[in-house]
Amino acid sequence: MVLKRTDYVEDILHKSMNSAFDKVFHESLLVNFNSGKKLTDLDLSKLNREFIDIVISYSGQNIVNDYVKIRGSLDSFLSYLSNYFYIRAIQEESELLVKIRNQQITT
């Protein structure tokens with residue numbers, strides 16, 4: 001029974017993380033990238049905090065509490081979310097740069 005609850009919690013959390021990243025990415029990261037603005041560490045930190053707030057909002061407090069129990073502490077849970085955000089942001093930026101470079105090569 002515990003395993004099913006854990007799977008359920010992780011499923012909801014991951015869907016919330018994907019939705020939150022898409023929201024932050026399309027509303028902030030992509031806009032800044034397309035405008036040619038280089039994001040500073042402070043900008044990324046603010047977007048990371050926004051991402052975490054959205055994940056918590058989308059997931060609901062009960063899911064967050066359950067996941068904190070799984071991770072062991074609130075700090076490790078927040079670190080998990082931050083790592084996800086930064087890794088995904090780097091991946092998305094890299095993919096965009098490759099697309100831009102490929103378009104420049106073919107033109």
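If you average the alpha carbon positions of region 12-49 and of region 51-91, how far apart do those two centres end up, in angstrom?
15
Let me check I have the definition right: for region 2-106, take the eigenvalues of the Cα gyration tensor, multiply each by 5, take square roots. What are those semi-axes in whole Å, largest first?
Numbers: eigenvalues 185, 41, 24 Å².
Ellipsoid half-lengths, sorted descending, are 30, 14, 11 Å.
Pairs on different chains or at least eight residues apart, Cα atoms closer than 28 Å: how many lysine pairs in the chain fit?
17
Tell me the relative contact order for the chain as a rounded percent, counting alpha carbon contacts under 8 Å between residues six or more apart.
Once divided by the residue count of the chain, the mean separation gives 33 percent.
Using +1 on the beta carbon of Lys and Arg, -1 on that of Asp and Glu, and nothing else charged, what's the dipole of the chain about the Cα centre, debye to 20?
Values: 13 positive and 14 negative charges, 17 e Å.
Here the size comes out at about 80 debye.
Loop by DSSP (not H, G, I, E, B), at most 16 other beta-carbon atoms within 10 Å: where is the longest site-free stretch of the chain for trypsin sites (Lys or Arg not before Pro)?
Details: sites that count: Lys37, Lys38.
Looking at the chain, 39-107 is the longest stretch - no exposed trypsin sites (Lys or Arg not before Pro) with at most 16 other Cβ atoms within 10 Å.
Every number in this text was worked out from the coordinates using simple rules, so none of it is lab data. In this text, all values refer to a predicted model and were calculated from it rather than measured experimentally. Cβ: placed from backbone, ideal geometry, glycine included. Neighbour counts: every protein chain shown.
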